[in-house]
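Engineer: Got a structure for you, written out below as structure tokens; questions coming shortly.
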Amino acid sequence: MATPPIFQLEKLMDTDEKQHKRFSQMCEAFKQKYGSRPEFIARAPGRVNLIGEHIDYCGYSVLPMAIEQDICAAVKKTNTGEIRICNLDAKNYKDFTTSIKNIIIDKSNPQWFHYFFCGFKGIVENESLQEPVGMDILVHGTVPKNAGLSSSSALVCVAGLATAFANGKSISKLNMADICAKCERYIGTQGGGMDQSISFLAEKGAAKLISFNPLRTEEVSLPDGSVFVISNCCVELNKAATSHFNQRVAECKISTKVLAKQNGVDITSVKTFKDLQTKLEASFDKILDLVKTGLHDEPYSRSEILEILGISDEQLVEYCLSENTKDVQTFKLRQRSEHVFSEAQRVLKFKEACDLKDMQNKDEALGNLMTASHVSCSKSYECSCLELDQLTQLCRDSGALGSRLTGAGWGGCAVSIVPSEKLESFLTKVKTQYFDNLGQRMTGRTMDEVLFATKPGSGASVYVVN
Ligand code: ADP
Ligand code: NG1
């Protein structure tokens, strides 16, 4: 794939009516707050991952699409040496001001503006900016937060984009994706690169197969006769504030080393399952066999791992653990490995099914793969929750051909594939049987935010304000 061009500027006038109204509102609020209009608005979309969960950080391809919901930042350059940041939703996100020389990202207590600082810092470091310009910023987001639709990455990407643009740096979308994937880790979570890649590289109308090392994308045509519907179970989890996510990353890293050791591969030469599979030149079926024969069901204790690998506790921490997992004592290896290898295989099957000509077989195959993915996430990776299991089951019972959690999990959204002719009855059933009974958890949410059909949207862009 050719490297996409640097960001093309878009005009505010070219946005649709809804976005235009929103941008006008942002400009007005910006003026009230800072005394003048912004110079530009940067925009980065959230995403829904259709299949390929918790495998990007293991080196495997994933298949997301950008959604219409996004995070936008209205920005004006200043010469104050400061970043002043506020949010249109001031009730939930408080203002913050800091000197550029004193940007702190507090992993132990992540606040919303820390995500912005991740993107800022990423660009400053990558471009070796000695004197980055100051910025007044107003943020507004429509991606539901903590819901697996990547609100955090949209915020990091919009920050990276705004910082690059304000400092006159034109960076390719591929590089932006790479920089932002790395710099979101400043907040503490050790994600792959899926969210930032799709946020920058998405094109309207197509989902993308995203592969890593090197980062590349392939367009995937989705079926005509079905739609993808997102439903939010309305349980929220902030990944950066818990260790669930990094625990899984650690288990995958350890498991990579244990399987390497068992199969005569130098443990220091492989970091991810993908590295290992490449070294072993093994098919997915073969490597799944190695998992079955080599790893036991019971959790591995720390001492057992040290003994198998022949390394010290310090080395285990250095190779596999993070700030918030360094004291963990037990690790599930077999279940996590089974999920990752089988999920990586399902992604490729999903892509193949998208290319099938026979419509009915295609949609059914996609549905079955999505449901199998959910079962694996729930049972082997344990990244679902009761509410998501119930909601995905209800979606299947209401006419979806398949349904699965999307994003990191432990709450958040499900994505379902629904035949177009069944869409209306599907939405009615899911609404009455899930959302109408939610009570408290629906507070502050509208129906069209928690249950909606979605189409592949476009990637990040900058709008000049005139
Ligand atoms: P997600 O799955 O949505 O990426 P995370 O738990 O990774 O969820 O990150 C969500 C965090 O991103 C929120 O807790 C908040 O700090 C920040 N965030 C999300 N949306 C907004 C927004 N509209 N404005 C400001 N910060 C936001
Ligand atoms: P979300 O759903 O945005 O928390 C996270 C990771 C992804 C990927 C998915 C699981 C970050 C920024 N994102 O996404 O890289 O690993 O979980 O597939 O950590």
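Engineer: On full extension of the chain, what length is gained from Arg445 through Ser312, given 0.36 nm per residue of separation minus the C-alpha to C-alpha distance?
Structural biologist: 42.9 nm is the gain from fully extending Arg445 to Ser312.
Engineer: Something else: Modelled label-to-label distance, Lys292 and Glu219, 7 Å Cα→beta-carbon offset: nm?
Structural biologist: About 4.0 nm, to one decimal.
Engineer: Compare the peptides 92-102, 236-246 by average per-residue count of other Cβ atoms within 10 angstrom and give them in order, highest first.
Structural biologist: Per-residue Cβ counts within 10 Å, averaged per peptide and sorted highest first, yield 236-246, 92-102.
Engineer: To continue, here is another question. Could you please state how large a percent of the accessible area of the range 1-140 is carbon and sulfur, counting protein chains only and using a 1.4 Å probe?
Structural biologist: In the range 1-140, the share of accessible area belonging to carbon and sulfur is 46 percent.
Engineer: Between Thr98 and Glu352, with labels modelled 7 Å along Cα→Cβ, what's the label distance in nm to one decimal, could you check?
Structural biologist: Result for the modelled spin labels: 4.8 nm.
Engineer: Packing-wise, with mean Cβ within 10 Å as the measure, how do 133-140, 32-39 rank, highest first?
Structural biologist: In descending order of packing, they fall as 133-140, 32-39.
Engineer: Based on the mean of other Cβ atoms within 10 Å per residue, sort peptides 78-88, 297-307 so the most packed one is first.
Structural biologist: Per-residue Cβ counts within 10 Å, averaged per peptide and sorted highest first, yield 78-88, 297-307.
Engineer: Express in % the proportion of alpha carbon pairs of the range 156-304 at distances exceeding 25 Å.
Structural biologist: That fraction is 50 percent.
Engineer: Excluding ligands, DNA and RNA, what is the solvent-accessible area per residue of the range 266-413 at a probe of 1.4 Å, expressed in Å²?
Structural biologist: 45
Engineer: Can you work out the accessible area per residue across the range 1-157, with the rest of the protein chains kept in place, probe 1.4 Å, in square angstrom?
Structural biologist: Here the per-residue accessible area is 44 Å².
Engineer: Could you check how much of the accessible area of the range 380-466 is carbon and sulfur, as a whole percent, using a 1.4 Å probe?
Structural biologist: 50
Engineer: Pull out the extension gain between Lys261 and Asp89, defined as 0.36 nm times the separation in residues minus the alpha carbon to alpha carbon distance; nm, one decimal.
Structural biologist: 56.8 nm
Engineer: Next question. Kindly provide the pair-distance distribution of the chain built from C-alpha pairs, with 10 Å bins from 0 and whole-percent values in order of increasing distance.
Structural biologist: 4, 21, 30, 26, 15, 4, 0
Engineer: Can you give the FRET efficiency for Leu423 and Glu304, using 1/(1 + (r/R0)^6), R0 = 60 Å, r = Cβ-Cβ distance, to the nearest 0.05?
Structural biologist: 0.75
Engineer: Let's see if you can work this out: charge +1 on each Lys and Arg Cβ, -1 on each Asp and Glu Cβ, no other charges. What is the dipole magnitude of the chain about its Cα centre, in debye to the nearest 20?
Structural biologist: Charge dipole of the chain: 740 debye, to the nearest 20.
Engineer: Another question, then. How large, in percent, is the carbon and sulfur part of the accessible surface of the range 190-241 at a probe radius of 1.4 Å?
Structural biologist: It is 42 percent, rounded to a whole number.
Engineer: Report the FRET efficiency, 1/(1 + (r/R0)^6), for Thr330 and Lys204, where r is their Cβ-Cβ distance and R0 is 45 Å, rounded to 0.05.
Structural biologist: So, using R0 = 45 Å, E works out to roughly 0.50.
Engineer: Taking the Cα centre of each part, how many Å lie between the range 145-218 and the range 296-345?
Structural biologist: If you average the Cα positions of each part, the centres end up 28 Å apart.
The values are calculated or read from the model by the stated rules, or taken from the named source; none is laboratory data. Bear in mind the structure is a predicted one, so any value in this text is a computation, not a measurement. Virtual Cβ from ideal backbone geometry, glycine too; neighbours counted across all protein chains shown. The protein model used for the area step is the full one, side chains on, heavy atoms only, and it has no ligands, DNA or RNA in it. Shrake-Rupley method; radii C 1.70, N 1.55, O 1.52, S 1.80 Å.
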